[in-house]
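Everything below concerns the one structure shown next.
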There are 2 protein chains.
Amino acid sequence: MTYCLGIKTEAGLVLASDSRTNAGIDQVDTCRKLHTFVTPGERVFVILSSGSLSITQSVITLLDEEFARGQGLASAVNFYAAARCVGGHVRKVAELDRTALERDGIGFNINLIVGGQIRGEEHHLYLIYPQGNPLRATVESPFLQIGESKYGRPILDRGVRHHETTLEEATKYALLSIDSTMRSNMAVGPPIDIVAYAPDEFDLRRRARLTASDPRLTELRSHWESELRRVIQSLPSVKLP
Amino acid sequence: MTYCLGIKTEAGLVLASDSRTNAGIDQVDTCRKLHTFVTPGERVFVILSSGSLSITQSVITLLDEEFARGQGLASAVNFYAAARCVGGHVRKVAELDRTALERDGIGFNINLIVGGQIRGEEHHLYLIYPQGNPLRATVESPFLQIGESKYGRPILDRGVRHHETTLEEATKYALLSIDSTMRSNMAVGPPIDIVAYAPDEFDLRRRARLTASDPRLTELRSHWESELRRVIQSLPSVKLP
């Protein structure tokens, strides 16, 4: 299982993922699901992946090879074209593997979140479906999730606002959303990879890998839980009837 | 879809449910999923139901008929026996309907939560599985959920404590847990039926049906959301790296 999310507000982007993979056909316990493509000063992409590890590795490998040649994400004229480029590679890998997988009853399973910025445009956040088509985060829907998304959704629904949420706040929302998910589903686990990006930075200076015992995570969790209980106490009581 | 939950702490029980049913074979939009069986001064049962409406209706009907005759829940010697009585009716309805349903590819789908108290014992909270077997809430796991349970779980995980959470607090947790779920899944909807029970009351004096516009619900939600955002702002910032 996997849980990844991206938040886009006026103040920038936060992208974060867990690192747990189930044993199974992939036989790997921990893997990085956050991938970056950077041309300093000019363009930045962060890609989060969920689904079959074999499929996501293939897509990232093809994107990497292309990027190294100055093509694909390295030369996309705008972010929509970049999202289409990622979706194109999803379709290429589907051509390579889908028939063989489905013959053995295995679905073609990949979802990606792509966030970043190309100079001359604002920052963007997209979801790429297994069919390769893109979906953009909007002012009304300022976050996107892939994988085990239900546990971590209410705190984002209640808290994240496109015009108001700062990059520092979005970082806390993302970590608490993943922490809630890890707590409720053992198949989502640390370390947490996280990137925060402010518009026009064109590099990834705010980036961390947080283990389960990282004090930034444990302190955030314990503060949040004690404050949550304090707030519940302080809310007006509900008269029944 | 459905979401129901029960919370058991030292201070008592809170049981709550949404009221949405999907159209489909049952063709009903709203139905009560909270059922009560009371012998004033002696025993109290609250049953929450999820799954096929046809199946849950049959189980509740059989329990009602038995209760009216002074049998079943009306005469169970202790709460474990009462939970077994409910599970027995689940098995009876399975005998009646399961084969016919499965012949058309429809699963035998029912989950129940049973809370209450029989004089001479403490208050109890059980989950009854579709197979009829019971599971009891414990000090370590002081809440039980059925139906669309993921959205509403983190706030319970983080906040509810068997030795500490008051009945008034448990009421707020239950309402916020359902409210989070309604917000994220349109198939879970108001009104919310809720009962709070303090040990040794042996009646249901704290009971309400809250519509979507009930000020008790809308005020709780708006207070919670503004406090949540304030708390996130106030938490120590997370340095990356």
Please give, to one decimal in nm, the separation of the simple spin-label points placed at B:Arg136 and A:Arg136, each 7 Å out from Cα toward the Cβ.
5.8
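Once fully extended, how much extra length lies between B:Val77 and B:Asp203, figured as 0.36 nm per residue of separation less the alpha-carbon to alpha-carbon distance? Let's see the in-between values first.
Details: separation 126, 0.36 × 126 = 45.36 nm, distance 1.83 nm.
This chain segment gains 43.5 nm when fully extended.
Taking R0 as 22 Å, what's the FRET efficiency between B:Ser213 and B:Arg32 from their Cβ-Cβ distance, rounded to 0.05? List each step's numbers first, then the result.
Values: r = 19 Å, r/R0 = 0.85.
Efficiency computed from Cβ-Cβ geometry: 0.70.
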Which net charge results when you count Lys and Arg as +1 and Asp and Glu as -1 among the other residues whose beta-carbon is under 12 Å from that of A:Val160?
0
Dividing the convex hull volume of the Cα atoms of the range A:3-233 by its residue count, what figure in Å³ per residue is obtained?
120
Position A:Pro215, label points 7 Å along Cα→Cβ, spacing to each other copy in nm (shortest first, one decimal):
4.8
Find the accessible area per residue for the range A:3-233; the probe is 1.4 Å, ligands and nucleic acids are left out, and the unit is Å².
40
Chymotrypsin sites (Phe, Trp or Tyr not before Pro) in the range B:42-90 lying in a DSSP loop, each with at most 10 other Cβ atoms within 10 Å of its Cβ, come to none
Can you send over the solvent-accessible area of B:Arg32, 1.4 Å probe, protein chains only, in Å² to the nearest 10?
110
What nm distance separates the two modelled labels at A:Arg183 and A:Ser54, each placed 7 Å from Cα along Cα→Cβ?
3.7
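Once R0 is set to 60 Å, what does the formula 1/(1 + (r/R0)^6) return for the Cβ-Cβ distance between A:Asp104 and A:His223, expressed as a FRET efficiency to the nearest 0.05? Could you put the intermediate results ahead of the total?
Values: r = 47 Å, r/R0 = 0.79.
That pair, A:Asp104 with A:His223, gives E of 0.80.
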Interchain or long-range residues, amide H under 5 Å from A:Arg206's placed H:
A:Ala196
At A:Cys31, label 7 Å along Cα→Cβ: distances to the other copies, nm, ascending?
4.4
Which chain B residue sits with its beta carbon nearest the axis carrying B onto A, and how many Å away is it, rounded to a whole number?
B:Lys150, 2
If labels are modelled 7 Å from Cα along the Cβ direction, A:Asp203 lies from its partners in the other copies at nm distances, smallest first, of 7.3
Lys, Arg +1 and Asp, Glu -1 on Cβ, resulting dipole of chain B about Cα centre, debye, nearest 20
440
Interface residues in the range B:201-226 - accessible area drops by 50 Å² or more relative to the isolated chain, probe 1.4 Å
B:Arg216, B:Trp224
With a 1.4 Å probe, how much accessible area is buried between chains B and A, both sides summed, in Å² to the nearest hundred?
4700
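Of the heavy-atom accessible surface of the range A:101-241 (probe 1.4 angstrom), what whole percent is carbon and sulfur? Could the numbers behind the result be given before it?
Details: 2710 of 5670 Å².
For the range A:101-241, the apolar C and S fraction of the accessible surface comes to 48 percent.
What do you get for GluC sites (Glu not before Pro) in the range A:134-196 restricted to DSSP loop and a cutoff of at most 14 other Cβ within 10 Å of the site's Cβ? Walk me through the numbers before you get to the answer.
On the way: sites: A:Glu140, A:Glu148, A:Glu164, A:Glu168, A:Glu169; in loops: A:Glu140, A:Glu148, A:Glu164.
Listed in order of number, the matching sites are A:Glu140, A:Glu164.
The values are calculated or read from the model by the stated rules, or taken from the named source; none is laboratory data. What you see is a predicted model; the values in this text were computed from it and never measured. Because the Cβ atoms are built from the backbone with ideal geometry, glycine has one as well, and the counts that use them run over all protein chains shown. The accessibility values were calculated without ligands, DNA or RNA, using every heavy atom of the protein model including side chains. Shrake-Rupley method; radii C 1.70, N 1.55, O 1.52, S 1.80 Å.
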